[in-house]
1. List every residue pair whose Cβ atoms sit under 8 Å apart, with the two residues 6 or more apart in sequence or on different chains, where the first one lies in segment 205-218 and is surrounded by fewer than 16 Cβ atoms within 10 Å (Cβ to Cβ) and the second, anywhere, is among the aromatic types (Phe, Trp, Tyr) and part of a loop (DSSP other than H, G, I, E, B).
2. Among the residues of segment 246-265, is there at least one that is buried (at least 17 other Cβ atoms within 10 Å of the Cβ), basic (Lys, Arg) and in contact (Cβ under 8 Å) with a residue 24 or more places away in the chain?
3. Among (1) under 22 Å from Thr26 (Cβ atoms); (2) within 16 Å of the ligand (Cβ to nearest atom), where does Gln161 come up short?
4. Just to verify a result, which residue in segment 35-52, among those that are within 14 Å of the ligand (Cβ to nearest atom) and farther than 16 Å from Glu201 by Cβ, is surrounded by the fewest Cβ atoms within 10 Å (Cβ to Cβ)?
5. Just one of (1) surrounded by fewer than 24 Cβ atoms within 10 Å (Cβ to Cβ); (2) at pLDDT 95 or above trips up Ala83, so point out which.
6. With at pLDDT below 95 and of a type in the set (Asp, Glu) as the only criterion, which of Asp109, Asp130, Asp142, Asp169 stands out?
7. Looking at segment 164-185, which of its residues are within 16 Å of the ligand (Cβ to nearest atom) and among the hydroxyl-bearing types (Ser, Thr, Tyr)?
8. Out of all the residues in segment 13-34, is one or more part of a helix (DSSP H, G or I), surrounded by 21 or more Cβ atoms within 10 Å (Cβ to Cβ), in contact with an Asp or Glu (Cβ under 7 Å, 6 or more places away or on another chain) and polar (S, T, N, Q)?
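The values are calculated or read from the model by the stated rules, or taken from the named source; none is laboratory data. None of the values given here were measured: they were computed from a predicted structure. Cβ sites come from the backbone with ideal geometry, for glycine too, and all protein chains shown count toward neighbours.
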Amino acid sequence: MEQREKDRAAQEQPGEHRTTITFLGTSGAIPEVGGESPTFLINGRYLVDTGWTAVANLRNRGIEPLELEYVFFTHFHHDHYMALPSLLYYWLMRGKPLRELKIVGPAEDLELIVKRAISFLHPERYYGKDDVPTLIPLLPGDGYEEAAFRLETCATVHPVQGLCYRFMDRRSGKTFTFTGDTAYHPPIAEHARGSALLVHESALGPVAADPANNAYMHAGAIDAGRIAEAAGVAKLLLVHALSSRAESCVAAAKDVFRGEVEWPADGQTYVL
Ligand SMILES: Nc1ccn([C@@H]2O[C@H](COP(=O)(O)O)[C@@H](O)[C@H]2O)c(=O)n1
């Protein structure tokens, strides 16, 4: 069954909508061969970061990129947004108005990055200049809501402005939280409290970060486990390193977190 059909099947059980999270990648900043930096799809409609190759990743899994309603950016480091121009290109080539794509992201960089992505596509020559995505810039602490979901954000700790999102699915009543890139930051535990699941980066591997030696401001799996334990979530999903580190990261997080810990496989879908 293609991914889109699986998502629909999960979401269309009689009388109940199920929240789905499908992972497209979990690699580090330079993806391993065949891999992708951390990106995932919520409910088959909301893409979290684009990675390098979102269009191909979605289509390879039978998911139509024209059906995206939102892209939520955690922050604007290249490994998290490089595929934005190709996603916009795909929409333009297929004749879908860009204004129908809503892009949520950190206020500090959102407009600049989207403008540059459009400028890279040379709209003066190929497309109408006025067709641009609908931007929803958020500052840490801001919220956003629409009929299907509610978002609450808090700050991450990284060299650029980043958002940790708490996503509440109004149709299922389920809540989960995802960090993007961040150093160990205890307020994230407060933000995630009561979530069914936490997605947390562990780019530094199966360790706790040394704050005096963490210039790129990332977390280790022990940091992620401590956040999950303090938040009291049921499950922790670790991302953002080579898959060869997955097993040791999961084991390290389990030493400090009593809930379930997994490293998602590319293409894996979690149903809340
Ligand atoms: N020499 C560098 C180092 C980093 N960057 C930017 O950071 C991103 C990777 O950092 P992570 O936080 O994901 O580890 C990379 O994609 C660049 O955006 C850089 O440009 N040059």
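1. From residues that are surrounded by fewer than 16 Cβ atoms within 10 Å (Cβ to Cβ), the pairs are Pro211/Tyr184.
2. Scanning segment 246-265, I find no residue that is buried (at least 17 other Cβ atoms within 10 Å of the Cβ), basic (Lys, Arg) and in contact (Cβ under 8 Å) with a residue 24 or more places away in the chain, so the answer is no.
3. (1)
4. Result: Trp52.
5. All conditions are met except number (1).
6. The match here is Asp130.
7. Within segment 164-185, Thr179, Thr182, Tyr184 meet the criteria.
8. No, segment 13-34 has no match at all.
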